[in-house]
Amino acid sequence: MRKIGLYFLLFVPAWLCLNCSRNNNDQRNIEFPSEQKEIKDRTTGVTIRQLTNYKGHSHHFYFTNPGWFDGGQKLLFSSDRNNRTNLFSIDLRNNSLKQLTNLEPVPLPREVEFFRACKNPVKEEAYFWHDLELIALDLESLHQSTIFKLD
């Protein structure tokens, strides 16, 4: 019988953040310790691999928008950590988490929104909305550029 590994994102306390500086305004590229744990389904025996364990929202892109990059070794997801929503990646080779953006909250009804975010299938770049701007994020340099702005 072939075992299928299942992945799911859940919820890890922000105080576990490594290399964080409360005085640092650029919170990109912060690494968090692995939050992974594995459990076995009692009925099927399938191993389930939980990737995140933060006590807040953590979610992958909408199911039609794959978030895999770096040759399928990393997965993009958003998480509400430190009272803001930002983009993160998890490296499946070592289970490390990395914060990729440091976005300011925006006033309602607008928001930082990653449900419709998407990854460019040709190059290492992701796209998401922040307030009224469509942002391109280079996944290697973490450089952000506005590619469209609503009036």
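Too long at a 21 Å Cα-Cα cut-off: which of 98/123; 74/98; 74/149; 37/74; 40/119; 55/119? Listed pairs above 21 Å: 74/149; 40/119; 55/119. Cα centroids of the range 40-60 and the range 72-107: how far apart, whole angstrom? The range 40-60 and the range 72-107 have Cα centres separated by 17 Å. Highest mean packing comes first when the peptides 98-108, 39-49 are listed by Cβ atoms within 10 Å, giving 98-108, 39-49. Here the Karplus relation 6.51 cos²θ - 1.76 cosθ + 1.60, evaluated at θ = phi - 60°, turns the backbone of the range 102-116 into coupling constants of 9, 9, 6, x, 10, x, 5, x, 7, 7, 6, 10, 10, 4, 9 Hz, with x for every Gly and Pro.
Here, each number is a calculation from the coordinates, and none is a lab measurement. In this text the structure is predicted, and so the values were computed from the model without any measurement. Every residue, glycine as well, gets a Cβ built from its backbone with ideal geometry; the counts of neighbours run over all protein chains shown.
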